[in-house]
Amino acid sequence: MVTEQQVWDALAEIPDPEIPVISLVDLGVIRSVDVSRDQVRVEFTPTFLGCPALEVMRDAMTERIAALGAEPDVQVISDDSWSTDRITSEGREKLRASGFAPPAPREVGGPKLVQLQSNAFRCPYCGSQDTALENIFGPTPCRSVRYCRNCRQPFEQFKTL
Amino acid sequence: MNAQTLLELADDELILGWRNSEWTGIAPLLEEDVAFSSIAQNEIGHARAWYELAARELGTTADELAFDRQPDEYRCSRLVELRLVPDWAATIARHYLYETADEERIAALKRSEVPEIAGLAAKIDREEAYHRIHAQMWFDRLQDEPRFVAALDELRPLLDVRAEQTPQFAELWEEMTMVRRSLAGATW
C-alpha cells in the first residue's frame with residue numbers, strides 16, 4: 001500500500017513545466033493528498049487560470065501516482081485557496097537563484113500601482129532595490145518585467161496573487 | 001445562478017480574449033503587445049473556468065460550449081464583439097469600460113451562495129486586479145484625448161446590448177470555430 005509521504009515525495013519530483021527549477025510541491029499548488037486503500041486523491045489548485053501548464057501538471061501527477069501502483073484521482077480546484085504566499089521558502093530561493101524575483105507577500109485589498117512602482121522589489125542578480133516596473137505583464141501570466149538600474153539587467157518578477 | 005448567466009460571463013471573456021489577442025504582434029508598443037497577449041490569455045482562462053461550471057449544469061463540455069454552438073446562441077456583449085484593430089484609442093476605451101463593469105460583476109459573484117461560483121470569482125478577481133491597474137494607467141494617460149473620450153461615449157451604450165448578431169461577430173465565429181468544424185470529433 002502507498003503511504004501519503006510516498007505520494008508527497010513523488011509529487012516533489014515533478015518540475016513546474018514552465019519554470020523547471022521549482023517543483024509542484026515548492027509551488028504550493030498541491031492542496032491535499034488523501035490515500036485510501038490503493039486510491040490516491042490529490043486536490044490541486046491552478047496558479048493562473050489561463051496557465052497552459054495546468055494540463056501538463058495534472059497529467060504528470062496522474063502518471064507519477066500510477067507509477068507508485070496506486071489509482072490516481074487528481075482534482076483541479078479552481079477557487080481562491082492558492083496564493084503566491086504558498087510558494088515555500090525553498091521554492092523562493094530556487095526561483096531567485098535562477099533569475100526570477102520571488103513574489104512579494106499578498107496584501108489586503110490586492111495589488112496597487114504605487115506599490116508595483118515602488119522600490120520594494122529586489123533584483124535577483126545583484127540584490128539591489130533600485131529596480132523599476134517595465135511592464136505589469138510578462139512572458140507568462142504569472143510574471144511581470146522589471147529593470148535593475150544598478151546592474152542594468154531586466155528581470156522577471158513573479159506577480160503576487 | 002443559472003447556466004445561461006454563466007454563459008453570458010464566459011462568452012464575454014472568450015470573445016474579449018479573442019479580440020485582445022488580435023493585437024499580438026502589432027500593438028503600437030512592445031510592452032502593450034506583451035500586455036494585451038497576456039490579458040487575452042487570462043480572459044480565455046477565465047472563460048474556460050466559467051464554461052466548465054456551466055457545462056456541469058448542462059451535461060456537456062467546456063469546449064463544446066465555447067466552440068460548437070451556433071453564432072446566434074452566444075450571449076456576449078456587443079462591446080466585446082467589435083473588431084477594433086487598428087484603433088488603439090477605442091481598444092483602450094473598451095478595455096477600461098469592460099474592466100470597470102466586470103469589477104462590479106465579479107464583486108457580486110464573490111458573494112454568491114454557490115461555493116464554486118464564489119470561489120472561482122474570488123480567484124478571477126485577483127488576476128483581474130492587474131488588468132484594472134493596466135486599464136486605469138491608460139485611462140489616466142488618455143483621459144483628455146478627444147479621440148479617447150469620443151470612443152468611450154460611442155462604446156459605453158454597447159456594454160448592455162446582448163445577443164444581437166453583427167456581421168463582425170459572424171466573421172469572428174467563422175475564424176474561431178474553423179479548426180474544430182473542419183475536424184469533426186477532434187480533441188486536443
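Listing for the model above:
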quantity: Pair list, Cβ under 6 Å, 6 or more apart: segment A:123-150 residue in contact (Cβ under 8 Å) with a residue 60 or more places away in the chain, other residue part of a loop (DSSP other than H, G, I, E, B) and surrounded by 22 or more Cβ atoms within 10 Å (Cβ to Cβ); calculated: A:PRO141/A:PHE48; A:PRO141/A:GLY50; A:CYS142/A:THR47; A:CYS142/A:PHE48; A:CYS142/A:LYS159
quantity: Of residues in segment B:66-103 being more than 13 Å from B:PHE169 (Cα to Cα) and aromatic (Phe, Trp, Tyr), the one surrounded by the fewest Cβ atoms within 10 Å (Cβ to Cβ); calculated: B:PHE67
quantity: Listing of strands (runs of 3 or more DSSP E) fully contained in segment A:57-161 that carry 2 or more residues being more than 10 Å from every other protein chain (Cβ to nearest Cβ) and not aliphatic (A, V, I, L, M); calculated: A:71-76, A:143-148, A:153-158
quantity: Flag if A:ALA101 is over 19 Å from A:ASN135 (Cα atoms) and in contact with a strand residue (DSSP E or B) (Cβ under 8 Å, 6 or more places away or on another chain); calculated: no
quantity: Qualifying residue in segment A:9-22 (condition: farther than 27 Å from A:LEU133 by Cβ and within 13 Å of chain B (Cβ to nearest Cβ)); calculated: no
quantity: Matching residues, segment A:86-115, being farther than 18 Å from A:ASP26 by Cβ and touching an Asp or Glu at 6+ places or on another chain (Cβ under 9 Å); calculated: A:GLY110, A:GLN115
quantity: Qualifying positions in segment B:9-56 - under 19 Å from B:GLU73 (Cα atoms), of a type in the set (D, E, K, R) and surrounded by 19 or more Cβ atoms within 10 Å (Cβ to Cβ); calculated: B:ASP11, B:ASP12, B:GLU13, B:ARG19, B:ARG48, B:GLU52
quantity: Pairs where the first residue, in segment B:46-58, is more than 8 Å from chain A (Cβ to nearest Cβ) and farther than 14 Å from B:GLY17 by Cα and the second is polar (S, T, N, Q) and outside any helix (DSSP H, G or I), C-beta under 6 Å, 6+ apart; calculated: B:ALA55/B:THR61
quantity: Segment B:22-38, subset of a type in the set (Val, Ile, Thr) and more than 8 Å from every other protein chain (Cβ to nearest Cβ), residue nearest to the chain's Cα centre (by Cα); calculated: B:THR24
quantity: Of all residues in segment B:118-162 being among the small types (Gly, Ala, Ser) and more than 7 Å from chain A (Cβ to nearest Cβ), the one that is surrounded by the most Cβ atoms within 10 Å (Cβ to Cβ); calculated: B:ALA121
quantity: Cβ pairs under 8 Å, 6+ apart, first in segment B:72-87 and hydroxyl-bearing (Ser, Thr, Tyr), second surrounded by fewer than 19 Cβ atoms within 10 Å (Cβ to Cβ); calculated: B:TYR74/B:ALA163; B:SER77/B:LEU158; B:SER77/B:LEU159; B:SER77/B:ASP160; B:SER77/B:VAL161; B:SER77/B:ARG162
quantity: Qualifying residue in segment B:75-83 (condition: touching a helix residue (DSSP H, G or I) at 6+ places or on another chain (Cβ under 9 Å), more than 16 Å from B:HIS46 (Cβ to Cβ), of a type in the set (Ser, Thr, Tyr) and away from chain A (no Cβ under 14 Å)); calculated: no
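Residue-by-condition table, conditions (1) in contact (Cβ under 8 Å) with a residue 12 or more places away in the chain; (2) surrounded by fewer than 20 Cβ atoms within 10 Å (Cβ to Cβ); (3) hydrophobic (A, V, I, L, M, F, W, C):
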| site | (1), (2), (3) |
| --- | --- |
| A:ILE19 | yes, no, yes |
| A:ILE77 | yes, yes, yes |
| A:ALA101 | yes, no, yes |
| A:VAL108 | no, yes, yes |
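Every number in this text was worked out from the coordinates using simple rules, so none of it is lab data. As the structure is a prediction and not an experimental result, all values here were calculated from the model. Glycine gets a Cβ as well: all are built from the backbone with ideal geometry, and neighbour counts include every protein chain shown.
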